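Enquirer: One structure, as structure tokens, below. Some questions next.
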Amino acid sequence: MLFQVGGQGARPTFFEMSAAQQLPASLRAALSYSLGVFALRRPLLHKVLDYEDEFFALLMAVLESHSLRTTDGSFSESLYGLRRRPVKVSVKRSSSGAESNDKAYDSVLRKRQKVLSVVFLVVLPYFKSKLQSIYNKEREARLQASLWGQGDVRFDEADLVSDQGETSQAQVEATTGEVSNVARIKKNFAALIGVCYPWIHATNEGLSFAYQLLYLLDGTAFYSPALHALGLHVCRATGQELMESSSRVSRIRNRELERLRGPPWLKTMQRVLLNCMYTSLDYAQTGLIAAVFFFKMMEWWYQSAEERMSAPTVYPPPPPPPLPKVAKDGLPLPPDRTLCPLCCQKRNNPSVLSASGFVFCYSCIFKSVSQHKRCPITLMPATVEQIRRLFHDL
């Protein structure tokens, strides 16, 4: 087989790596939806939605830093029992004998590797999101300029100068130069992003696809260019590594608690706050994943309920109206329904009189209604405007 489906060995499968890579995007979508729902009742949360990129980047920076510190893996990788290991691992012999085969691998990530991992996991995606937003605005501005001409103001230039009508003429003259300079810089920067970003995005996606394809075909040990640049590869965490990580975290937290200084009441408050922070970080992963599933379920539930409520009620078709009665003094109906009641010939250019619903030849019914102002069969009042052409004689 080209890749390990059963999940045996230290090398993760392609599906595990793909799921771990897509988890942050799913988490962001779930959090955005959740904040949008809560913002309907708490308008204060709209400020958080206005800075959605910054809020999510800060949240992921905390989670990624804690996960790399405790498990040597990213937030999504630790969920699947994976960890990051440097390619160049220092080897230490466990015994003094020269011929001993027992070796201890020091595979713990260094501080520099953890910091760079946070940069690749949080900082670069944040800048990519901001560049994508600028590129979308520039593309919309170009589209508007092509449709409406070059006179349109772009990138909220109107917002910068809209309030100046209420100021004095001197203030307008003083700020016009600054506003024009800022707008020119923004415009040039956005134009540069509009030209360069598609190439940067295409290069990044192409490299990612090439690495993923090679990883799938067992041609490389790196799933992404970022891991290759950092000199790290992802592997499954063994039971011994999980125990060592747990003991290392316990030692770090004990040292932090021992460093507390101050009066007893202050140390107690600090200890309580630290314990609350540790507990929140320990259960943040489980809580966020549970929140994703919970809100996805609620979204499906309310969406289904809204669809049921908004769906039009299907009623049975109403029965056809009764046939109009033939007046005693009216024209009798011919036995053959394909014949015109006026000329008793096969209908030519059939037309219906909407006042009664009977079908005649157009010339016959037009003359009759023009003269008598009524239907010749039911004697109901009618006008020539109520004559309708029938394109299919049924």
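Enquirer: Among the candidates Cys364, Cys343, which residue alone is at pLDDT 85 or above, in contact with a Cys (Cβ under 7 Å, 6 or more places away or on another chain) and assigned to a helix (DSSP H, G or I)?
Expert: Result: Cys364 is the single residue among Cys364, Cys343 that is at pLDDT 85 or above, in contact with a Cys (Cβ under 7 Å, 6 or more places away or on another chain) and assigned to a helix (DSSP H, G or I).
Enquirer: I would also like to ask the following. Specify the residue that is modelled with the lowest pLDDT; the eligible residues are those in segment 222-259 that are in contact with a helix residue (DSSP H, G or I) (Cβ under 8 Å, 6 or more places away or on another chain) and outside any helix (DSSP H, G or I).
Expert: Only one residue tops the list, namely Ala237.
Enquirer: Between a residue in segment 168-197 that is over 27 Å from Ser133 (Cα atoms) and of a type in the set (D, E, K, R) and any residue that is part of a helix (DSSP H, G or I) and at pLDDT 80 or above, which pairs come within a Cβ distance under 7 Å, given they are 6 or more apart or on different chains?
Expert: From residues that are over 27 Å from Ser133 (Cα atoms) and of a type in the set (D, E, K, R), there are no pairs.
Enquirer: Could you check segment 203-221 and list, in sequence order, the residues that are in a helix (DSSP H, G or I) and either open to solvent by 60 Å² or more (accessible area, probe 1.4 Å) or touching a Ser or Thr at 6+ places or on another chain (Cβ under 8 Å) (or both)?
Expert: Thr203, Asn204, Glu205, Leu207, Ser208, Phe209, Tyr211, Gln212, Leu213, Leu214
Enquirer: Within segment 171-201, can you find the residues that are among the β-branched types (Val, Ile, Thr), modelled with pLDDT of 85 or more and open to solvent by less than 50 Å² (accessible area, probe 1.4 Å)?
Expert: Within segment 171-201, Ile193 is the sole residue that qualifies.
Enquirer: Find all pairs meeting these conditions: Cβ atoms under 7 angstrom apart; at least six residues apart or on different chains; first residue within segment 38-59 and within 21 Å of Ser133 (Cα to Cα); second residue at pLDDT below 80 and of a type in the set (Val, Ile, Thr).
Expert: Phe55/Val48
Enquirer: Here is a list of conditions, (1) open to solvent by 100 Å² or more (accessible area, probe 1.4 Å); (2) modelled with pLDDT of 70 or more; (3) part of a helix (DSSP H, G or I); (4) of a type in the set (Lys, Arg), and Arg308 meets all of them except one; can you say which number that is?
Expert: Failed condition: (2).
Enquirer: What are the residues in segment 338-355 that are more than 18 Å from Thr378 (Cα to Cα) and either open to solvent by 50 Å² or more (accessible area, probe 1.4 Å) or of a type in the set (A, V, I, L, M, F, W, C) (or both), if any?
Expert: Thr338, Gln345, Lys346, Asn348, Asn349
Enquirer: Let me ask something else. Does Phe360 meet the test of being among the aromatic types (Phe, Trp, Tyr), open to solvent by less than 70 Å² (accessible area, probe 1.4 Å) and free of Cβ contacts under 8 Å to residues at least 24 places away in the same chain?
Expert: Answer is yes for this residue.
Enquirer: Select the strands (runs of 3 or more DSSP E) contained entirely in segment 34-137, then report the ones holding at least 3 residues which are at pLDDT 80 or above and within 30 Å of the chain's Cα centre (by Cα).
Expert: On the way: elements: 82-86, 90-93, 103-106.
It comes to 82-86.
The values are calculated or read from the model by the stated rules, or taken from the named source; none is laboratory data. Everything numeric in this text was worked out from a predicted model, so none of it was measured. Here the Cβ is made from the backbone with ideal geometry for all residues, glycine too, and neighbour counts use every protein chain on show. Heads up: the accessible areas ignore ligands, DNA and RNA and are worked out on the full protein's heavy atoms, side chains in. Shrake-Rupley method; radii C 1.70, N 1.55, O 1.52, S 1.80 Å.
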